[in-house]
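Since every read-out is calculated from the coordinates, none of them should be taken as a lab result. Every value quoted in this text rests on a predicted model; they were computed, and no experiment measured them. A quick note on method: Cβ atoms are made from the backbone with ideal geometry, for glycine too, and the neighbour counts reach across all protein chains shown.
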Amino acid sequence: MRKRLLAMLLTGAMVFSLTACGGSTDGTAAEGGTAAEGGAQSAEGGSTGGETVKVGFVVKSLSDQFYVLMKAGAEAEAKKMGNVELKFIAPNSESDVQGQVDMIQNLVGQKMDAICVAPSSQDAVLPVL
C-alpha cells in the first residue's frame, strides 16, 4: 500500500512539475508570476490553455508492479489535466536494453516535450539522451 501511494504521489508530482515549468504564453510566469495567474490552469486543476504537452515514459518493464502503478497514476493525472498527451512504453523484459534505447530514440524523434526514463542500463541510455 505504501509503494502504491508513493508511486501515485511521485507520478502526480512529475506530471504537475512538467506543466508548471511551462509558464504562460503571455510571459506572466516567466516574469515571476505563477502558472495559475498566467492562465495555464484553472482552479480545478484542468487546462484552460490550448497547448498540449507531450510526455513520454520509458520504463524497464511493465511486469514490475511498481511501473504498472506508475503508469496508472500518470494516466490518471494526464486525464485530469486534460492537456497532456501521454505515451507510456516499455520493452518486454528488463534485460532488453537495446529495445529501451530504440524506444527513447523514437520518442526523441516524435519531439516529446518531456521524456521520463527508468533506465535498464544507464551506460546504454545516457548517450541517447
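Name the residues of the range 100-129 whose amide N is less than 18 Å from a point 7 angstrom out from the Cα of Lys54 along the C-beta direction?
Taking a point 7 Å out along Cα→Cβ of Lys54, the residues of the range 100-129 whose backbone N falls under 18 Å are 102-117, 129.
For Leu62 paired with Ala76, estimate the spin-label separation in nm (one decimal), with each label point 7 Å from Cα along the Cα-to-Cβ line.
1.8 nm
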